[in-house]
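Below is one structure, written out as structure tokens; the observations come after it.
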Amino acid sequence: MLNDLRYAVRLLVKNPGFTLIATFVLALGIGANTAIFSVVDAVLLRPLPYADQDRIVSIQNLWRNSGQRGQASAPDFHDWHDQAKSFDTMAAYVGQQTSVIVDGAADYAVVSRATSEFFPLFGVHAALGRLPSDDEHRSGGPLTVVVSHAFWTTRLGGDRAAIGRTLRFAQRVYTIVGVLPPEFRFPTNTDVWTAWWVFPETSSRSAHNYEVVGHLAPGVTLEQAQTEMETIASRLERAFPGTNENKGIVVTRLLDRTVRDIRSTLTLIFGVVIVVLLIACANVSNLLLARASSRARELGIRAALGASRTRVVRQLVTESVLLAVLAGAASVLVAAWGIRGLVAVAPAGLPRVADVHVDLRVLAFASSVSLVASLVFGLAPALHASRSDLNEVIKQSGRTMTGGSSGRLRAALIVFETAAAVVLVIGAGLLIRSFAALNAVDLGFRTERLLVADTAVPVANNAAAPQAVRFYHALMPDLAAVPGVEAVSAVMGVPTRTRSNGGYAIEGGLTFEQMGIRSPQAIFTINTPGYFSTLRVPIVEGRDFTDADGPDAPLVSVINEALARQSFPNEDPIGHRIKSGYDGTDFMTIVGVVANMRSSSPSEPPKPQIFMPFQQHPLGSTSLSVVVRTAVADPLTLAATVSQRIRALNSDVPVRTSTMDATIERAVSTQRFRTMLLGLFATVALLLAMAGVYGIVSFTVSQRTNELGLRMALGAQPREIVALTLASGLRLTAIGVAVGWIASLGLARLLSSMLFATSERDPLIFVAVPAVLVTVAALASMAPALRAARVDPVVALRTE
């Protein structure tokens, strides 16, 4: 075996061109797989860093009529907690970004409020200090918090004396009693946890505000827990038909809930890079077959001297394994670069992205893939070479063997490469067409030159909410006076970041109680006057809000065209009165109708929407996004000035600035991620496949030099030689394109749920891609074809 290895090393060193090309092609395929695997492993495969994590579940409401999942109401949570026997622990939590003030400095932080069973459920212990006590989870108990390790490091300086210090949010002072270990980050990116109770006196079952997690009791399976919770749901449905009709319960493992939105995208990309690796292996197999053909006489002589077939195969497989080892080592560098790139373009909210890196698991994967790849690309050429006829190879007198099973195998590999490339390029084409349509969709508002400044005014309780109204009322004219500002307004949730929706009722129709869960749904938006003009949203009918729509004025609202069509299809909505389920206010007179906006997502059609003036809804006005339309091309040039004006008015208000364009980009980041990666890997697959076409045509020309010379000696014209040579490459390409075109129909069906305004059988893509592939294959074949036409008949025939 050692002799085989030494001989393999000498051969690879002797042929540096072959070694470098084969290593590069394999390293590209293995590195791409390793990089994607690192993401898949960190996000989908690794267990959550919690004790007994496979028994921690998410419990959600499931509306059977729509299939939508959602949070629980307070009374439902208490009923689940008290009636379910399948869980030994169940907890509720709710989180939000808010102003947290440390040493007088206000900044955004994610604060999660959790019930007493939350930390025991995860089996988490404080890394420093302690967890909140039972007394601190009771109404009126001491105000304490525990902080994340990251928050302790960045905001508290990593000082062990942080225990006992205070921080402030919601106008209350909280004492820090503990720091959590670095691996505990649930809910995602939470900075501060505070002891909390879910108000048992809350009777509304239509306010779904709470996330719920549970820990399965010993011996209870997920299926048994699901069955019991469905029984409880049916019981609640009979007891409270107005709010719980068609409302089921779904129990999901927490890991599955965490990765549900990204699983299909990562699975698709992982499948794509496996295909790319197979194409790379096919390419290297073709190289090895060509090399084996050139070594046919050498191998025949070794067999004549007594080498067994097993001995020849072992030698060739050793060379393949050594080649794979070199490629595997190089692939680690490719993977490291790829991981950095993947993390940089990862979609917003990708869970556990901080855990993506090269580690022992990733290195083990790269090693395994390298070993498997060596067998995939090396075994077939080795077996083929070992079956060579001894007498035939010796008769070649130094020339290489051609045709036969070797030619058929090389042709089959080219057909496979081409077919796989067609599948990937068609898939990428569909996603590119879809993403282009998504980018071109009319959002209903203008995004250019819009600065977005997120703010949050800390208030102690609901009664203090009017303080926030006064803050924004004073802020709007102050910012409007800043040079370079064309318009300014504030809103509860800019488009794609809307925060509230629910049922509404029209005066004179059925009440909320009568409609129950059948009440029509709308997005609820609270904004200052001038919001529509700032976003350039046309007012179709009626008027905008004004400063006169104050807390003591008659309640008013503006609706969008979608809601007007839904509830007032044959009448003028102006003057009608509407009531939202947002904050329990009375009926509001509709004073305006505005054009539709895609407020939920660019990929979703406009939904019914109710706009309400901020002065009349103080509870929703404590955390608004200030939207500034600037006269300058880059709105971020005004970010510092806007932030200074806000903090000058109230130093406890945190400010986080961005642009509306960036907000929209984050909303489509998942679509961009999969389109970019599939497009990249499809391009790599196309290049590898065309390199394979070039290689086999070049090899064919070199093997048929004598034949081509004879043809030219007998009168064949150069153009006929070019046509003959091109035909050999294009014939294989055409077969591969046909096979790939048929296979693409299956991939298109899998992609259908990911496409926006694009048919899964888009004629442009399904016609253009084969045409492009054939054209590129013709170009790849042209150079060796022209070389064949320049064969000197005298030189070619002299070798006979």
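Data table
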| read-out | value |
| --- | --- |
| Axial C-alpha extent at least 24 Å, average Kyte-Doolittle at least 0.0 - helices from the chain (DSSP) | 16-40, 254-294, 309-345, 360-386, 404-440, 669-703, 718-751, 763-789 |
| Probe 1.4 Å, accessible area per residue of the range 203-292, Å² | 38 Å² |
| Phi-based couplings in Hz for the range 484-495 (Karplus 6.51, -1.76, 1.60; Gly and Pro marked x) | x, 9, 8, 7, 8, 7, 9, 8, 7, x, 5, x |
| Protection-proxy order for peptides 620-630, 419-429, each taking the mean of Cβ atoms within 10 Å per residue, highest first | 419-429, 620-630 |
| Inter-centroid distance (Cα atoms) of the range 68-135 relative to the range 223-297, Å | 29 Å |
| Net charge, ILE735 excluded, C-beta distance under 15 Å - Lys, Arg +1, Asp, Glu -1 | +2 |
| Built amide H within the under 5 Å cut-off of PHE87, gap 5+ | ALA217 |
| Calculated semi-axes √(5λ) of the Cα gyration tensor in Å (choose from (1) 64, 32, 25; (2) 44, 32, 25; (3) 53, 35, 21), label | (1) |
| Sequence-distant aspartates and glutamates (8 or more away, or on other chains) whose Cα lies within less than 20 Å of LYS579 | GLU507, GLU513, GLU541, ASP544, ASP549, ASP552, GLU561, GLU571 |
| Among 112-119, 360-367, the order from most to least packed when residues are scored by Cβ within 10 Å on average | 112-119, 360-367 |
| Percentage relative contact order, the range 598-708, counting C-alpha pairs under 8 Å, at least six apart | 17 percent |
| Computed [θ] at 222 nm, helices only, for the chain once each DSSP H run of length n ≥ 4 contributes -39500 (n - 2.57) | -16500 deg cm²/dmol |
| Percent RCO, i.e. relative contact order, over the chain, from Cα pairs under 8 Å lying at least 6 residues apart | 16 percent |
| Average accessible area per residue (Å²) across the range 442-493 - probe 1.4 Å, nucleic acids and ligands excluded | 37 Å² |
| Surface share of carbon and sulfur [accessible, 1.4 angstrom probe, percent] for the chain | 58 percent |
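The values are calculated or read from the model by the stated rules, or taken from the named source; none is laboratory data. Bear in mind that the values here come from a model prediction, so they are computed numbers and not experimental data. Virtual Cβ from ideal backbone geometry, glycine too; neighbours counted across all protein chains shown. SASA here: full protein model, heavy atoms, side chains in, ligands and nucleic acids out. Shrake-Rupley method; radii C 1.70, N 1.55, O 1.52, S 1.80 Å.
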